[in-house]
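Here is the structure we will look at.
The values are calculated or read from the model by the stated rules, or taken from the named source; none is laboratory data. Keep in mind it's a predicted model, so treat the numbers as computed, not measured. Glycine gets a Cβ as well: all are built from the backbone with ideal geometry, and neighbour counts include every protein chain shown. What goes into the accessible areas is simple: the full protein's heavy atoms, side chains included, and nothing from ligands, DNA or RNA. Shrake-Rupley method; radii C 1.70, N 1.55, O 1.52, S 1.80 Å.
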There are 2 protein chains.
Amino acid sequence: MQIAIGLYPGFTALDAIGPYQVLSQLPGATVVFTAVKAGLLRDDTVLTVQIDTTIDQIPNPDIIVIPGGMATRKLLGGDPLVDWVRAVHPTTTWTTSVCTGSLVLAAAGLLPGLKATTHWAAADQLEALGATYTADRVVRQGKIYTAAGVSSGIDMALTLAAEIAGPMVAQAIQLGIEYDPQPPFDSGSPEKADPAVRELIRSLLSAGSARALAD
Amino acid sequence: MQIAIGLYPGFTALDAIGPYQVLSQLPGATVVFTAVKAGLLRDDTVLTVQIDTTIDQIPNPDIIVIPGGMATRKLLGGDPLVDWVRAVHPTTTWTTSVCTGSLVLAAAGLLPGLKATTHWAAADQLEALGATYTADRVVRQGKIYTAAGVSSGIDMALTLAAEIAGPMVAQAIQLGIEYDPQPPFDSGSPEKADPAVRELIRSLLSAGSARALAD
């Protein structure tokens, strides 16, 4: 079971690493980080990862995971990563995204008229690409899973792990990563956050000073 | 505000990336991934990151974050990373760990008689190093924060973010990463998990076939 996580310069790290930490524990799984070019690739802040395997070398992944990032917007007009998603999707077992990674899936033509999710601040962009934005944390349509913003990839991956290996294995992985979340605040969604908090993050996002937060 | 995330070969990725995703959004924060040697460094699975700045080049970090990993056990007998933690701790503003990263703090002599946490499966090891294991998700003792297993670093970092920049900023960061966790199961702690799930993960851990799960 080959799981390919498709990166690009400017991706948001937690979008990729959340699912990676879960899915790499699946029995029989082989995970590979891939991108258009081999060599060093930087996320949206200071994390630099080494890519050894290009997307050209992965013609038949069983599962793909596309993380989000502000930089997804640069891919939407046409990019080899979008072409790869379009090319491999017919033969994947599961095609997945986190955050604005769903914009890449949409740009590849995978989501016409389908329900999908993304970061709450990118809902309009997802709809503009032909999908129907759904404010759920994890949305499944056939073999496509889309997850909401950044941290939601952990929930998506555990859901997928249960589909693939059964609920016992998924729960064991959850216990292994001690995923018993206890956020100090209840402000993780626009509906729950204080209006002043919403305004604060919106102003940071529009000022471009919170690089990763919109991803 | 320099935030140094101290890596070593075999670290667990989510331990490091959870806090990174939160703390890098703090106003005025500069995050650096550091290690004993410059160059490529691999986690416990297939993620390879580039290290540009060695610990020798970071004598006065404001905040340190030490992630966990099975490989922490190799450091405990003596390692430059442990020496660095011991050397910089007196002048840090905050000294933090995730998962078995607390074993490194303990090996550096930072936790004698203090309450601390770690991955639930490593409680005995933490106690053997002189700390008092506490089964809370985030434990603060003065300027030291320890977090429980793997995913708990997100909760720790949000708590720390509120200490540093106030609850409004912490809540904005939480909303930015859409951290509104909805795990598909409630099996994230030994107390909550089904006994059969506990046995499954324990057998995987003891067989060494679940590389990252004990970290």
Quiz item: Are there any pairs with C-beta distances below 7 angstrom linking a residue in the range A:170-198 that is farther than 19 Å from A:Leu160 by Cβ and touching a residue at least 60 places away in the same chain (Cβ under 8 Å) to a residue that is outside any loop (DSSP other than H, G, I, E, B) and open to solvent by 60 Å² or more (accessible area, probe 1.4 Å), with the two at least 6 apart or on different chains, and if so which?
Solution: A:Pro190/A:Arg198
Practice problem: Determine whether B:Val98 is on the phi > 0 side of the Ramachandran plot, in contact with a helix residue (DSSP H, G or I) (Cβ under 6 Å, 6 or more places away or on another chain) and either free of Cβ contacts under 8 Å to residues at least 60 places away in the same chain or buried (at least 24 other Cβ atoms within 10 Å of the Cβ) (or both). | Solution: no
Self-check item: B:Gln182 vs. criteria out of contact with any Leu (no Cβ under 8 Å at 6 or more places or on another chain) and either at pLDDT 95 or above or not acidic (Asp, Glu) (or both)
Solution: yes
Practice problem: Could you pull out the residue among B:Thr93, B:Thr132 that is among the polar types (S, T, N, Q), open to solvent by 20 Å² or more (accessible area, probe 1.4 Å) and in contact with a Gly (Cβ under 9 Å, 6 or more places away or on another chain)? | Solution: B:Thr132
Quiz item: Of the conditions (1) open to solvent by 50 Å² or more (accessible area, probe 1.4 Å); (2) at the interface with another protein chain (Cβ under 10 Å from one of its Cβ atoms); (3) out of contact with any strand residue (DSSP E or B) (no Cβ under 9 Å at 6 or more places or on another chain); (4) under 22 Å from B:Ala193 (Cβ atoms), B:Ala121 fails just one. Which one is it?
Solution: (1)
Practice problem: For residues that are of a type in the set (Gly, Ala, Ser), in contact with a strand residue (DSSP E or B) (Cβ under 8 Å, 6 or more places away or on another chain) and surrounded by 20 or more Cβ atoms within 10 Å (Cβ to Cβ), scanning just the range B:1-46, find the one that is farthest from B:Ile66 (Cα to Cα). | Solution: B:Ser24
Practice problem: Can you tell me which residue within the range B:165-193, out of those that are acidic (Asp, Glu) and within 7 Å of chain A (Cβ to nearest Cβ), is nearest to B:Ser24 (Cα to Cα)? | Solution: B:Glu178
Quiz item: Out of A:Gly68, A:Gly18, which single residue is touching a residue at least 24 places away in the same chain (Cβ under 8 Å), at the interface with chain B (Cβ under 9 Å from one of its Cβ atoms) and touching a helix residue (DSSP H, G or I) at 6+ places or on another chain (Cβ under 6 Å)?
Solution: A:Gly18
Quiz prompt | Given (1) out of contact with any Gly (no Cβ under 6 Å at 6 or more places or on another chain); (2) at pLDDT 95 or above, number of the condition A:Ala121 does not satisfy | solution = (2)
Self-check item: Neighbours by Cβ (under 7 Å, 6+ apart or cross-chain): first from the range B:74-93, closer than 16 Å to B:Asn60 by Cα; second aromatic (Phe, Trp, Tyr)
Solution: B:Leu81/B:Tyr8
Quiz item: In this structure, does B:Val49 turn out to be facing chain A (nearest Cβ under 9 Å), β-branched (Val, Ile, Thr) and farther than 28 Å from B:Leu205 by Cα?
Solution: no
